[in-house]
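Inspection log for the structure reproduced underneath, given as structure tokens.
The values are calculated or read from the model by the stated rules, or taken from the named source; none is laboratory data. Predicted model, so just to flag it, every value in this text is computed and none were measured. Positions of Cβ are backbone-derived with ideal geometry, glycine not excepted, and every protein chain shown enters the neighbour counts. The area values use the complete protein model at the heavy-atom level, side chains included, leaving out ligands, DNA and RNA. Shrake-Rupley method; radii C 1.70, N 1.55, O 1.52, S 1.80 Å.
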Amino acid sequence: MLSLNELWFVLVAVLFIGFFFLEGFDFGIGMSTKFLAKNDTEKRVLINSIGPFWDANEVWLLTAGGAMFAAFPNWYATMFSGYYTPLVVLLLALIGRGVAFEFRGKVGHEKWKKIWDIAIFIGSIVPPFLLGVVFSGLLKGLPIDGEMEMKAGLFDMVNLYTLVGGITVVVLCLVHGLLFAALRTTGSLRERARKLAHKLLIPLAALFVLFAVMTYFQTDIFKVRGLILGIMAVIGVICFLLAGRFIQVKRDGWAFGMTGGLIALAISGVFVGLFPRVMVSSISEAFSLTIHNAASGSYSLKVMSIVALTLLPFVLGYQIWSYFVFHKRVHEKEHLEY
């Protein structure tokens, strides 16, 4: 049976998995407005495809941060203070993208729309890249001292390994978003989304292999969790191959599910590799933060568990209901808001 510390570690992992799965296709759609759409109408179709969902999907990130703050305050304090600048940039990018979604269609002037189109693109590519850099840094290790203070320089946070991790997350989200576009649009836009997603599978596979090899040599996660990570890697390869096959036979829903499975496996792999640690110290293993020395008291965890288990079904029920209500495809001939 899971202890409360382990339960909340799993809950934080699930929240991040949900965020990357749901917000991942939002990021992909935002990026695809630059690569895929040929005119303003197609851009509006793509934006409207995530119109009912994107703001609720972002809540998963806020909830994950809140769960970290409540359950593992030392983890939250060390990580958010150490990564202060990248996380501020991430939040500004998300804010800019949200404002762009709302403001883009308010004025019909072409320059006005171009400004907000740039904000949408930047706000869609910067967050997954920075999150990829951050999560890669958690695996590689960071200079955390005995006082749980992270004193990282630029090259501790940004190096070849974390850059590859960030780029991998960006491409994965782009493919995931293109397949969501194939699910939600019609006509030539749908066909182009499917074809571009298929073309990107090869570079995505190369990035996955490169990141896995670098992870093997630059982290210890395969030493401490090699068996389960190996099994997850095999499942990931199967999901990847099935995604390519489903794209070829135009089974967009199944292909989208497979890229979603890749995202879930990738984020799960980070947390499995870290456990029971939450942040690895590159100074000394004794200084690493764990689910024990970074956690709140047992009473706080108990109360939060009761509240979370009570409210979570309602939150999930609402989000499932919203996806059901807005499940129909977006057509170019329909009235478009953005």
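Yes or no: the range 282-299 includes at least one residue that is open to solvent by 40 Å² or more (accessible area, probe 1.4 Å), farther than 21 Å from Y83 by Cα and within 20 Å of the chain's Cα centre (by Cα). No, that holds for no residue. Just so you know, in the range 245-259 the residues that are at pLDDT 95 or above and open to solvent by less than 20 Å² (accessible area, probe 1.4 Å) include one that is nearest to R194 (Cα to Cα), and it is I247.
To keep it simple, each residue is scored yes or no on (1) within 23 Å of A197 (Cβ to Cβ); (2) open to solvent by 10 Å² or more (accessible area, probe 1.4 Å); (3) part of a loop (DSSP other than H, G, I, E, B); (4) in contact (Cβ under 8 Å) with a residue 24 or more places away in the chain.
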site	(1), (2), (3), (4)
V14	no, yes, no, no
I17	yes, yes, no, yes
I29	yes, no, no, yes
S32	yes, no, no, yes
A37	yes, yes, yes, yes
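Annotation note: of L262, L242, the sole residue that is in contact with a Phe, Trp or Tyr (Cβ under 9 Å, 6 or more places away or on another chain), under 30 Å from R192 (Cα atoms), open to solvent by 40 Å² or more (accessible area, probe 1.4 Å) and modelled with pLDDT of 95 or more is L242.
For the range 86-114, what are the residues that are assigned to a helix (DSSP H, G or I), free of Cβ contacts under 8 Å to residues at least 60 places away in the same chain and over 26 Å from L130 (Cα atoms)?
Passing the criteria: K106, E110, K111, W112.
One residue alone among G253, G273, G244 is of a type outside the set (V, I, T) and without any contact (Cβ under 8 Å) to a residue 60 or more places away in the chain, and that residue is G244.
Rundown of residues vs (1) open to solvent by 30 Å² or more (accessible area, probe 1.4 Å); (2) more than 22 Å from M279 (Cα to Cα); (3) free of Cβ contacts under 8 Å to residues at least 40 places away in the same chain, yes/no style:
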{"site": "G146", "(1), (2), (3)": "yes, no, no"}
{"site": "M150", "(1), (2), (3)": "no, no, no"}
{"site": "D156", "(1), (2), (3)": "yes, no, no"}
{"site": "R184", "(1), (2), (3)": "no, yes, no"}
